[in-house]
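The next block holds one structure in the form of structure tokens; read it before the comments.
No value in this document is a laboratory result; all are computed from the given coordinates. As the structure is a computational prediction, the values presented were derived from the model and not from experiment. Heads up, the Cβs are rebuilt from the backbone with ideal geometry, glycines too, and the neighbour counts pull from every protein chain shown.
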Amino acid sequence: MEIEKLTKEEERVIIHKGTEYPFTGKYDDFYEKGTYVCRKCGSPLYTSDSKFDAGCGWPAFDKEIEGAVKRIPDRDGVRVEIECANCGGHLGHVFTGERFTETNTRHCVNSISMRFIPEGEKNE
């Protein structure tokens with residue numbers, strides 16, 4: 001696993017489990033075809049087919065690539081945190097029961113926790 005050098009802000013979110021401000025991330029209102037990968041290790045996390053507009057201010061996905069995301073109880077005791085299953089980088093939180101999509105699941109992900117690989121390009 002190759003770990004990327006992170007900026008201070010990326011480190012604040014990915015390592016120290018921070019959150020970027022709503023409606024500020026570059027992938028919130030972004031709908032190109034491709035794959036979203038972990039910013040820290042490059043592992044594929046989500047495909048553009050699973051992205052939808054939840055109006056929440058962060059990129060929303062209704063399913064992850066199988067085995068790519070780990071769900072763990074959040075420190076607040078209420079929410080469920082999501083991490084990259086490969087490197088443990090903080091992605092955001094997952095919510096169920098909101099009925100936005102057929103899966104009834106919303107992965108609310110910090111844009112800063114991901115990189116986007118356009119369809120047809122290699123993840124390097």
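Work from the charge dipole of the chain (Cβ charges, +1 for Lys and Arg, -1 for Asp and Glu, about the Cα centre) and give the residue of 60, 108, 89 farthest towards its positive end.
Sorting the options by dipole projection puts first 89.
Let me check against my output: what whole-number percent is the relative contact order of the range 34-93, with C-alpha pairs under 8 Å and at least 6 apart?
25 percent
Output ³J(HN,Hα) for the range 26-42: one whole-Hz value per residue in order, computed from phi by the Karplus curve 6.51 cos²θ - 1.76 cosθ + 1.60 with θ = phi - 60°, and x for Gly and Pro.
5, 9, 4, 10, 9, 9, 7, 7, x, 10, 9, 10, 5, 5, 7, 10, x
Which whole-number percentage describes the relative contact order of the chain, with Cα contacts under 8 Å and a sequence gap of 6 or more?
Computed over the chain, the figure is 29 percent.
Under 5 Å between amide H atoms, partner at least 5 residues away or on a different chain: which partners does residue 18 have, H built in plane at 1.01 Å?
13
Expressed as a whole number of Å, what is the distance separating the alpha-carbon centroids of the range 1-76 and the range 79-124?
5 Å
Let me spell out the model: positive unit charges on the Cβ of Lys and Arg, negative unit charges on the Cβ of Asp and Glu, origin at the Cα centre of the chain. What dipole size does that give, in debye rounded to 20?
320 debye
Which residues does a label at residue 5 reach in the range 28-69, if reach means a backbone N under 18 Å from a point 7 Å past the Cα toward the Cβ?
Hits in the range 28-69 for residue 5 at 18 Å: 39-42.
Looking at the chain, which Cys residues are left with no other cysteine's beta carbon under 4.7 Å from theirs?
Lone cysteines by the Cβ rule: 56, 108.
Which cross-chain or sequence-distant (5 or more) residues have an amide H under 5 Å from the amide H of residue 43, H modelled 1.01 Å from N in plane?
For residue 43, whose amide H was placed from the backbone, the distant partners under 5 Å are 38.
Relative to the Cα centre, what is the charge dipole magnitude of the range 75-124, using +1 at the beta carbon of each Lys and Arg, -1 at the beta carbon of each Asp and Glu, and rounding to the nearest 20 debye?
Around 140 debye, computed over the range 75-124.
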